[in-house]
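J.: I have a structure I would like to understand better, so I am pasting it below and will then ask my questions one at a time.
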Amino acid sequence: MDTGNRFSAAVVLVFGIASWAQFPTLCGFMFSSTRLGADNFRYSLWLGGLLAVVGLLSGLQALIRGPRGAMLIVGALLNVSFIGAAVTATDWFRASCHALYVDVGNQ
C-alpha cells in the first residue's frame, strides 16, 4: 500500500470514528445547555452523517483503486454503518440521547 492510500485510509478511519464519537459528546454534554436538550438528537444524526459522507468520499478513490488495507475497510465500515444506523434506527438514537442527556437546569 503506497503512502497516498495509507493517508486516505487514515482519513477514512478518523472520519468514521468521529461520526460515531460525536453522538455521545453532543447528547451528553453539548445539548445539556440548549433549550430542547436531548430532543436535538437529529442534529447529531446530521453531523454524523455529514462526517461519514466526507469520510467515504475522501477514501473513494482508494477503495476503487485498491489494494484495500484493514484501516481503509474498517473506516469505510464505520462510515457506512453510521449512515445506515442514522437512517434505520432513529428510535435507538432518540432513546440513547435521552439516556446520555444531563438536565443541568434541575440540579
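J.: Which value, in Å², gives the accessible area per residue of the chain when a 1.4 Å probe is used on the protein heavy atoms? Could you put the intermediate results ahead of the total?
T.: Working: 6350 Å² over 107 residues.
Per residue, the chain has 59 Å² of solvent-accessible surface.
J.: Would you work out the relative contact order for the range 43-107, in percent, from Cα pairs under 8 angstrom that are 6 or more residues apart?
T.: Values: 24 pairs, mean separation 24.8, N = 65.
Across the range 43-107, relative contact order equals 38 percent.
J.: Tell me the mean residue ellipticity at 222 nm calculated for the chain from its helices only (DSSP H runs of n ≥ 4, each -39500 (n - 2.57), averaged over every residue, nearest 500). Walk me through the numbers on the way to the answer.
T.: Details: 4 runs with 81 residues, N = 107.
Using -39500 (n - 2.57) per qualifying helix, the result is -26000 deg cm²/dmol.
J.: Taking 8 Å as the Cα distance limit and 6 or more residues as the minimum spacing, I'd like the relative contact order of the range 1-84 as a percentage. Don't skip to the end; give the middle numbers.
T.: Values: 104 pairs, mean separation 42.1, N = 84.
For the range 1-84, the relative contact order is 50 percent.
J.: Still on this structure: Starting with the highest mean, order 91-100, 41-50 by the number of other Cβ atoms within 10 Å, averaged over the residues of each peptide. Write down the numbers at each step before the final one.
T.: Working: 91-100: 14.9, 41-50: 17.6.
Highest to lowest by the protection proxy: 41-50, 91-100.
The values are calculated or read from the model by the stated rules, or taken from the named source; none is laboratory data. All values derive from a computational prediction rather than experimental measurement. When we count neighbours, we look across all protein chains shown, and the Cβ atoms used for this are built from the backbone with ideal geometry, even at glycine. Remember, those area values only see protein heavy atoms, side chains included, never the ligands or the DNA or RNA. Shrake-Rupley method; radii C 1.70, N 1.55, O 1.52, S 1.80 Å.
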